[in-house]
1. Pull out all pairs, ordered by first then second residue, where Cβ-Cβ is under 7 Å, the residues are six or more apart or on different chains, the first lies in segment 189-206 and is in contact (Cβ under 8 Å) with a residue 40 or more places away in the chain, and the second is part of a helix (DSSP H, G or I) and not charged (D, E, K, R).
2. If you take the residues in segment 45-74 that are touching an Asp or Glu at 6+ places or on another chain (Cβ under 9 Å) and among the charged types (D, E, K, R), which one is nearest to residue 147 (Cα to Cα)?
3. Scan (1) free of Cβ contacts under 8 Å to residues at least 24 places away in the same chain; (2) part of a strand (DSSP E or B) for the single condition residue 143 breaks and write down its number.
4. Any residue in segment 78-96 that is out of contact with any Asp or Glu (no Cβ under 8 Å at 6 or more places or on another chain) and under 26 Å from residue 213 (Cα atoms)?
5. Could you identify the single residue in 131, 190 that is surrounded by 16 or more Cβ atoms within 10 Å (Cβ to Cβ), over 20 Å from residue 6 (Cβ atoms) and out of contact with any strand residue (DSSP E or B) (no Cβ under 6 Å at 6 or more places or on another chain)?
6. Consider segment 153-174. How many of its residues are surrounded by fewer than 16 Cβ atoms within 10 Å (Cβ to Cβ) and over 16 Å from residue 126 (Cα atoms)?
7. Quick test of your reading of the structure: residue 201 fulfils all but one of (1) exposed (fewer than 13 other Cβ atoms within 10 Å of the Cβ); (2) assigned to a strand (DSSP E or B). Name the failing condition by number.
8. Do we have residue 106 as of a type in the set (A, V, I, L, M) and either within 15 Å of the chain's Cα centre (by Cα) or within 23 Å of residue 177 (Cβ to Cβ) (or both) here?
Amino acid sequence: MCGRFALYSDPFALARRFEAEALPELRPRYNIAPTQNIPIVREEEGKRRFALARWGLIPHWAKDMKIGYSTINARAETVASKPAFRNAFRHRRCLIPADAFYEWQAIPGSKVKQPWFIALRDREPMAFAGLWERWHSPEGDELESCSIIVTDANELMRPIHERMPVILAPEDWSAWLEPDAMNAQALQNLLKPYSAEDMAAWPVSTKVNSLRNDSAECLERS
């Protein structure tokens, strides 16, 4: 799964990296958690644009927002068929920018898990495969939300955790964002583990366990 990540790149560098417009005001974040608003990139009228969405996808048919707590991640194996995600998979795919993500490793004989920081080896911002949805509350309020797709762990991640977010290579971004893409199998083929050789990971302190800690200290090797 993916339950925490970081996004601290310069906003103008992000705009260049993703070739996207309408960048929202962003401050460096080192410990982003579910239910918070996060930037996404989607295609609108032939152009990539940034938007903000609540992390935890709320299907259009949901009666309330509580479902979002269990939909922060969508499994690659079932995303095309699971009711909460299948409509968004067909029509509302997005990129979710991140500089890194965290995962927790179970330690034999210890109740405390070891947190790890995982990034691309070249430290460029990565793009998680994401879905977004627009929901209207019973009171008529509109809310946009999103989910990160996860898949099996690669060789780097496997000793840490059995799952990892789907990281899309830049050459696959356009295909993923295409609103009218009709080949579901071609999209499904993009949802694979990223190359372990192009990633790096190191253990960090348990400071990242607390949402009160949202500073560069979260990234430091333990």
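The numbers here are math on the coordinates, done by the rules we state, and not lab data. These numbers come from a predicted model, not from an experiment. No Cβ is skipped: glycine too gets one built from the backbone with ideal geometry, and neighbour counts run over all protein chains shown.
1. 190/175; 190/176; 204/218; 204/219
2. Among them, the one singled out is 54.
3. If we test residue 143 against (1) free of Cβ contacts under 8 Å to residues at least 24 places away in the same chain; (2) part of a strand (DSSP E or B), just (1) comes out false.
4. Yes, segment 78-96 contains a residue that is out of contact with any Asp or Glu (no Cβ under 8 Å at 6 or more places or on another chain) and under 26 Å from residue 213 (Cα atoms).
5. The conditions single out 190.
6. Looking only at that region, the number is 4.
7. (1)
8. When the stated conditions are applied, residue 106 does not pass them.
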